[in-house]
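Scroll down for the structure; my scribbles are underneath it.
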Amino acid sequence: MKLTLHNISKSFDSLEVLCNYSLSLESGHIYCLMGPSGCGKTTLLRILMGLEQADHGSVEGLEQARVSAVFQEDRLCEAFTPVENVMMVTGKSLTEAQVRAELCRLLPKESLKRPVSTLSGGMKRRVAICRALLAPFDLLLMDEPFTGLDEDTRQNVILYIREKCDGKLVFLTTHQEPDVEALGGRLLWILPNPAHTKN
């Protein structure tokens with residue numbers, strides 16, 4: 001698929017966070033968006049998710065696309081197990097045994113039977129990532145997906161993402177430039193509105 005953003009602008013009250021931002025993305029690549037906090041990275045992803053409406057501009061290519069997402073928050077059902085959380089989005093595309101096998105690539109086996117509420121923050125993050133990757137998708141959006149992961153876990157998750165997203169379109173935000181290289185990604189920058197910069 002091809003996704004094109006034309007002159008996207010978005011303000012909250014009198015604060016303009018995106019100003020005429022344009023971008024073209026294609027399947028088969030992982031695009032990594034970097035920029036200082038408050039420059040509009042999350043807002044841009046929320047527009048692509050349909051959770052925010054741009055004030056001006058347009059997005060082409062989303063009409064028939066299946067979109068999966070990892071938010072800054074894990075957004076898991078805390079009383080459910082990791083397996084139950086993932087199976088909520090996979091439908092009949094994967095069996096329970098297949099979901100368990102996939103989760104075991106990122107999590108200890110014993111954790112799969114526990115309510116998500118009892119897991120550590122890093123484990124919850126891995127459940128959220130696995131859930132997004134196992135849902136049927138054409139476009140994967142991830143907002144700082146590696147938050148709370150130690151270095152070894154981070155590298156394991158990155159390898160898993162690369163495998164599962166081969167040939168797909170992935171657009172994520174990160175504050176860590178080494179993540180871009182590890183993902184084999186393409187680095188994109190988004191800069192703050194100059195009007196907000198004080199001398």
- All other residues with a Cβ under 15 Å from the Cβ of Gly61 taken together, and with Lys, Arg as +1 and Asp, Glu as -1, what is their net charge? -1
- Message: Could you tell me how far the Cα centroid of region 136-178 sits from the Cα centroid of region 121-135, in Å?
- Response: 10
- Note on the structure: Low-density loop trypsin sites (Lys or Arg not before Pro), region 50-148, at most 10 other Cβ within 10 Å, DSSP non-H/G/I/E/B, are Lys92
- Note on the structure: Across Ser14, Ser111, Ser93, the residue with the highest GNM fluctuation in the chain (Cα network, 10 Å cutoff) is Ser14
- Message: Give me a comma-separated list of calculated 3J(HN,Hα) values for region 66-73, in order, Karplus coefficients 6.51, -1.76, 1.60 applied at θ = phi - 60°, integers in Hz, x for any Gly or Pro.
- Response: 8, 10, 10, 8, 10, 8, 4, 8
- Item | Given charges at Cβ of Lys, Arg, Asp, Glu: region 17-160 dipole, positive-most of Leu107, Val89, Met142 | Leu107
- Message: Loop only by DSSP, 14 or fewer other Cβ within 10 Å of the Cβ. Give me the GluC sites (Glu not before Pro) in region 115-199 that pass, ordered by residue number.
- Response: none
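Give the shape of region 5-118 as rounded, prolate or oblate, defined through the alpha-carbon gyration tensor: a ≥ b ≥ c are the square roots of its eigenvalues, a/c under 1.5 means rounded, and otherwise the shape is prolate if a/b is larger than b/c and oblate if not.
Cα axes put region 5-118 in the prolate bin.
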- Note on the structure: Residues whose modelled amide H sits under 5 Å from the amide H of His29, counting only those 5 or more places away in sequence or on another chain, are Val170
- Task: Mean Kyte-Doolittle of at least -1.0 plus a Cα span of 15 Å or more along the axis: flag which DSSP H helices in the chain meet both, please.
- Result: 121-134
- With Rg from the Cα atoms and Rh as the Kirkwood inverse mean 1/r over Cα pairs, the chain has an Rg/Rh of 0.98
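Read-outs: derived from the displayed coordinates by stated rules, not from any lab. Because the structure is a prediction, the values reported are computed rather than measured. Note that each Cβ is placed from the backbone with ideal geometry, even for glycine, and that neighbours are counted across all protein chains shown.
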